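Trainee: Take this structure first; my questions come after.
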Amino acid sequence: MFTKVQQFMDSFLDMGIPGFDCIIYKDGREVFRYMNGYRNLEEKLPMRGDERYNIYSCSKPITCTAALQLFEKGKFSLEDPLSKYIPAFTNMSVQTEEGIVPANKPIRILDLFCMGAGFTYNVNSSNLRLAREETGGRCPTVKTMDYLAKDPLQFHPGEKYAYSLCHDVLAAVVEVISGMPFAEYVKKNIFDPLGMNRSTFMLPEEELDTITEQYRFNNELKRVINCGKKIQNYKLGTEYASGGAGCISTVEDYILFLEAMRKGDILLKRETIDMMSINHLTEQQLTTYGVAGGYGYGLGVRCSRGNDDITEFGWGGAAGAYLSIDRTNQMTVFYVQHVLNSPNQGIRQNVRPLALEILR
């Protein structure tokens with residue numbers, strides 16, 4: 001039944017992907033699970049299905065869900081200034097062609113959700129390097145924001161879309177509002193209620209060996225090279241919970257999150273998920289969005305711009321993870337691999353339409 005889907009994913013092995021795993025739910029039950037290749041290429045150990053992965057930006061929908069839980073409780077408004085919760089962001093500056101100038105408006109919480117605050121993804125700025133130095137490599141999540149706030153923005157808040165550290169800042173806001181460390185909040189309010197027992201934003205050092213082998217594709221050599229099990233680049237310090245890229249999870253854990261979001265009224269009310277999964281970018285911001293296929297961007301997820309042809313929302317991760325939640329067709333998809341700079345990064349999302357064609 002799913003021969004075409006399997007053949008498509010098997011082609012990834014020919015491209016140099018060591019191994020992959022994919023799970024699909026339809027109408028609330030598992031209808032497809034397929035894995036192939038190796039979890040450890042060097043030792044030729046086959047995939048088992050219980051691997052733990054650094055899912056990188058597939059962390060973002062979890063972080064946005066955590067924040068929206070607090071929104072539902074009336075703890076903040078999307079129009080609130082970020083500085084209300086983290087005062088370091090009160091007087092921001094912007095780098096322009098004419099030089100550094102004061103920001104013409106405050107960063108709103110909405111700007112964090114929608115990647116419109118003006119931050120960059122430069123995790124090695126002089127101020128963030130200083131954060132590592134002055135905290136002895138710890139970089140506590142909220143404290144680190146004081147250093148990030150010293151970096152000039154790349155544009156005035158709300159003017160453009162720019163993929164950036166916005167959701168790391170949103171995790172810090174969750175921490176401030178909830179009064180709990182971000183990783184602890186997510187564990188208590190998302191992971192534990194769903195039974196996601198092998199997922200975390202703060203992996204103890206002694207559990208590093210539980211992560212499956214991670215690779216980086218070398219374009220010159222046309223093959224992968226083992227790059228170690230730790231999160232690359234985005235884990236700024238030992239006490240830093242990266243809301244944008246710091247989650248570790250498994251296929252069987254993460255599909256529980258996707259199903260909860262498909263159903264609604266579990267983690268978030270259905271109307272909140274409606275709000276999350278509609279386009280919030282302005283026409284001006286859409287010109288700098290850059291995601292093909294007629295997509296817009298909601299509260300942390302790609303989504304329809306109002307086009308009935310697009311029925312799903314979701315996102316993807318730097319090492320190849322990909323998620324899709326289709327409430328119209330009652331279908332969720334989670335595909336995962338562990339390869340940074342992967343050669344199939346631009347096509348792995350085609351798993352979803354191939355499967356939908358079969359399941360309709």
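Trainee: Just to be sure I understand, how many residues within region 164-183 are assigned to a helix (DSSP H, G or I) and either within 17 Å of PRO61 (Cα to Cα) or within 18 Å of the chain's Cα centre (by Cα) (or both)?
Mentor: Summing the residues that are assigned to a helix (DSSP H, G or I) and either within 17 Å of PRO61 (Cα to Cα) or within 18 Å of the chain's Cα centre (by Cα) (or both) in region 164-183 gives 12.
Trainee: Which of the following residues is more than 20 Å from the chain's Cα centre (by Cα), under 16 Å from GLU51 (Cβ atoms) and either of a type in the set (S, T, N, Q) or open to solvent by 20 Å² or more (accessible area, probe 1.4 Å) (or both): THR282, THR250, THR200, THR210?
Mentor: Among THR282, THR250, THR200, THR210, only THR210 is more than 20 Å from the chain's Cα centre (by Cα), under 16 Å from GLU51 (Cβ atoms) and either of a type in the set (S, T, N, Q) or open to solvent by 20 Å² or more (accessible area, probe 1.4 Å) (or both).
Trainee: Is it true that some residue in region 314-322 is at pLDDT 95 or above and over 13 Å from the mean Cα position of the chain (by Cα)?
Mentor: No; the residues of region 314-322 include none that is at pLDDT 95 or above and over 13 Å from the mean Cα position of the chain (by Cα).
Trainee: Is one or more of the residues making up region 171-187 modelled with pLDDT of 95 or more and farther than 30 Å from ILE255 by Cβ?
Mentor: yes
Trainee: Name the one entry in LEU45, LEU78 that is open to solvent by 20 Å² or more (accessible area, probe 1.4 Å), without any contact (Cβ under 8 Å) to a residue 40 or more places away in the chain, within 24 Å of VAL186 (Cα to Cα) and aliphatic (A, V, I, L, M).
Mentor: Answer to the selection: LEU78.
The values are calculated or read from the model by the stated rules, or taken from the named source; none is laboratory data. Computed from a predicted structure; not experimentally measured. Don't worry about glycine lacking a Cβ; one is built from the backbone with ideal geometry, like all the others, and counts go over all protein chains shown. Note: accessible area is taken over every heavy atom of the protein model, side chains too, but ligands, DNA and RNA are not part of it. Shrake-Rupley method; radii C 1.70, N 1.55, O 1.52, S 1.80 Å.
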